[in-house]
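Notes for the one structure printed next.
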Amino acid sequence: MTDTTQHATSTEYLIRHASILGKTSADLLLRDGRIAAVGDTAAAQASPSAVTIDATGLVALPGMVDLHTHLREPGREDAETVETGSRAAALGGFTAIHAMANSSPVADTAGVVEQVHSLGLASGWVDVRPVGAVTVGLGGERLAELGAMAESRATVRVFSDDGVCVHDPVLMRRALEYVKAFDGVIAQHAQEPRLTEGAQMNEGDVSAVLGLTGWPAVAEESIVARDVLLAQHVGSRLHVCHVSTAGSVEIIRWAKARGVDVTAEVTPHHLLLTDELVRSYDPVYKVNPPLRTADDVQALREALADGTIDVVGTDHAPHPSEHKDCEWAQAAMGMTGLETALSVVQHAMVETGLLDWEGFARVTSVIPARIGRLHDQGRELVAGEPAHLILVDPAARWTVDPAAMATKGRNSPFRGLELPGSVRATFYAGHATVLDGALATPRQVAPAREAAAWTR
Amino acid sequence: MKHLLSTRDLSAASALRLLDVAEEMSAVGEREIKKLPALRGRTVVNLFFEDSTRTRISFEAAAKRLSADVINFAVKGSSVSKGESLKDTAQTLEAMSADAVVIRHPASGAPARLAASDWIDAAVINAGDGTHEHPTQALLDAFTLRRHWARIGGTPSAGTTLAGMKVLIVGDVLHSRVARSNVWLLTTLGAEVLLAGPPTLLPVGIGSWPCTVFYDLDEAIAQRPDAVMMLRLQAERMNAAFFPSTREYSRRWGFDDGRLALLDIMGLDDTVIMHPGPMNRGLEISAAADSPRSTILAQVRNGVSVRMAALYLLLSGDPHDDEPRDDETHSLPHDLPIPEGRTTR
């Protein structure tokens, strides 16, 4: 486990009048990577050199933790790099992101996950946590060296073949069992492959009219059902990526009631958009799993509110423009999401009264950190805790302009939409990566620290 | 109307105007000199990403009868795996100042994508996109049905609708762009549409279509349709378990001689049999294709008239376009140039 609070920068921040989790207004003092004080004593304890930030009207939240990010490096640096993706993450209010394994080469060895981890450290915008592949080359045939990745410098705890379903039930069972040895979790991309051959969009009324091959809800739900039963049978921890259907919600609710150790994730886009948008044939709306119906959106929102779905994961998937500037069938699946996640979740969940800001913190930070075993993230905003936090202006309104984003991807389905909420500041281990809503500086890691990690 | 992409978004007024103009165009085809000067100096590109000689020559004939210059652009092989992208192809055509692009593409929505993009400014006509739509096929089917319906009613067909007509469409609806375009257009024009086929070849979501669905063809025929439209079946579908064998398909959903005789027994003397072609004789259709009930060759002939109407209305700027009113839908087009060699009757 990387302790990101070591060797923190020395700039001290005194945040005045922040509304902690949208509740009481208080001052926060950040020093040496930690929250030094909260409340009336903070100002008194601040040194004369402390930078004061007036946070009146702003909500202080724990830094967001994304369990599902595609950084594309190594392999597709034209789509995204660890540097550009983690800049986007900082701007979006994240202090930790999990880099999915479907890079090229696939992150299926200790070498690749350590490379991604090192790139993250060098970038310094957020804690970049590599996800390890479950199977060699995402091939679904042999287990990758899960133990080596777990013991590497990257200390991988989340394993996923995301983009591809671990559909072989025996392999899935073994993976679930094996990662118990190091407290890992299998994050499943639930998609029955035979039922989704050539699938282009949600199968239903809209696909019938558009003549696009359907991706039926049952292809997700049948895998979710199988996996929760497997997880129960072997007593393992299962995480279901990007749940997209009302039926999956019902199955997960049932599994949790039976005591299965399952967690589930929903993307911001599945909380807001429906397959009606596909009528435009604009591939910016092409994503996997596909956009579903309004009934599914409603079920997902309610499930996130009642805890059936545990977390929001962005599934940030940048693509170069030529992969979207084409016919629907030829276009790549995926949407960017890091820089719009907070606003979309505020719009879909907070402004609808389904979640308060404490609930927002739970689904975007506290639980994702717990699932990823990031012990210093998603903590309470109290004295002594690591200073991973953000300041959000909930009253702000902005219009999404993909061209202005830090990610290399321009494939935002929220293009042109006016959304609420703006990240004004992001503190990553006490260091301001974002100030006044703009990128500040990355957190520099002392070289000695890395050397120490080598010899650990 | 800037583009012709689907029949689903075609209003009754626009559809009727297309059919009425097509009636005028059909008169041109009966003259010795089958040519109008309407589109002289305009360029029509037939952009075909999929082989379809029939549709291409129909569009080519239509454009030439309107005096347009025609460029045939066949993109060989799969555009997905190799070669130039749709975007680059479109921009090339734009640079060559194409006024209209007639596009046939294996990907559903490719024409809509072309029309919505800023890659090209030309009018786009969908000549069949994947399993989405084939609007000019549906227009020629509607044209054929309307003439038939009007003849029975003893009226000229121009200005009339398909109100009261019952049309049965049979076969692989799931993969059929012809079926989709016909469902929307025929119902817009007032016809009642029945669909029949194996449940595997009827799309999930068909319940929201304005049609009655039958799994049993004979039960559907018992509804006394005025027209039976047989869809082309790709025998390869058998390999993906859509049906057990071509023989079983043919027995249950093919329009064979027995069903042809059934029409006579039922006294359905005016019921016509349609097929968009090319036919699989002995699979979805039998010698019924050659019976007097068959409209198959009339469909081909009418295709040119309908495509002339579409090209003419898109490229000459229809003054009635923006605010179609009901009273206009029953009036003959009065802005057509007089065809060369035409005499007023």
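For the stretch A:79-86, the count of residues that are assigned to a strand (DSSP E or B), closer than 25 Å to A:GLU385 by Cβ and not hydrophobic (A, V, I, L, M, F, W, C) is zero. Exactly one residue out of A:VAL224, A:VAL243 is part of a helix (DSSP H, G or I), away from every other protein chain (no Cβ under 14 Å), under 25 Å from the mean Cα position of the chain (by Cα) and closer than 22 Å to A:MET100 by Cβ: that is A:VAL224.
Is one or more of the residues making up the stretch A:271-280 assigned to a helix (DSSP H, G or I), in contact (Cβ under 8 Å) with a residue 12 or more places away in the chain and away from chain B (no Cβ under 14 Å)? Yes, there is a match, as at least one residue in the stretch A:271-280 is assigned to a helix (DSSP H, G or I), in contact (Cβ under 8 Å) with a residue 12 or more places away in the chain and away from chain B (no Cβ under 14 Å). Screening A:ASP325 with (1) under 25 Å from A:ILE251 (Cβ atoms); (2) more than 19 Å from the chain's Cα centre (by Cα) gives one miss only, at (1). Within the stretch A:199-221, the set of residues being within 12 Å of chain B (Cβ to nearest Cβ) and of a type in the set (D, E, K, R) comprises A:GLU203, A:ASP205.
Scanning the stretch A:246-270 for residues that are within 24 Å of A:HIS70 (Cβ to Cβ) and either acidic (Asp, Glu) or in a strand (DSSP E or B) (or both) yields A:VAL262, A:THR263, A:ALA264, A:GLU265, A:VAL266.
In the set A:THR407, A:THR364, which member is in a helix (DSSP H, G or I) and on the phi < 0 side of the Ramachandran plot? The match here is A:THR364.
Just to be sure before I move on: is A:GLY198 in the same structural domain as A:MET335 (by TED's automatic domain parsing), more than 23 Å from A:ALA369 (Cβ to Cβ), without any contact (Cβ under 8 Å) to a residue 24 or more places away in the chain and outside any strand (DSSP E or B) in the structure I sent? So A:GLY198 passes the test. When we screen A:GLY421, A:GLY437, A:GLY409, A:GLY416 for residues that are more than 22 Å from the chain's Cα centre (by Cα) and at pLDDT 95 or above, the only hit is A:GLY416. Number of residues in the stretch B:263-274 that are surrounded by fewer than 15 Cβ atoms within 10 Å (Cβ to Cβ) and either farther than 22 Å from B:ALA298 by Cα or in contact (Cβ under 8 Å) with a residue 60 or more places away in the chain (or both) equals 4.
One residue stands out in the stretch B:87-103 among those that are within 14 Å of chain A (Cβ to nearest Cβ) and either over 20 Å from A:VAL209 (Cα atoms) or modelled with pLDDT under 95 (or both): the one that is surrounded by the fewest Cβ atoms within 10 Å (Cβ to Cβ), namely B:ASP88.
Selection of the stretch B:37-55 for residues being surrounded by fewer than 23 Cβ atoms within 10 Å (Cβ to Cβ) and in contact (Cβ under 8 Å) with a residue 60 or more places away in the chain yields B:PRO37, B:ALA38, B:ARG42, B:PHE48, B:GLU50, B:SER52, B:ARG54. Picking from residues in the stretch B:104-121 that are surrounded by fewer than 24 Cβ atoms within 10 Å (Cβ to Cβ), small (Gly, Ala, Ser) and in contact (Cβ under 8 Å) with a residue 12 or more places away in the chain, the one that is farthest from the other protein chains (Cβ to nearest Cβ) is B:ALA115.
The values are calculated or read from the model by the stated rules, or taken from the named source; none is laboratory data. Given the structure is predicted, the values throughout are model-derived calculations rather than measurements. Here the Cβ is made from the backbone with ideal geometry for all residues, glycine too, and neighbour counts use every protein chain on show.
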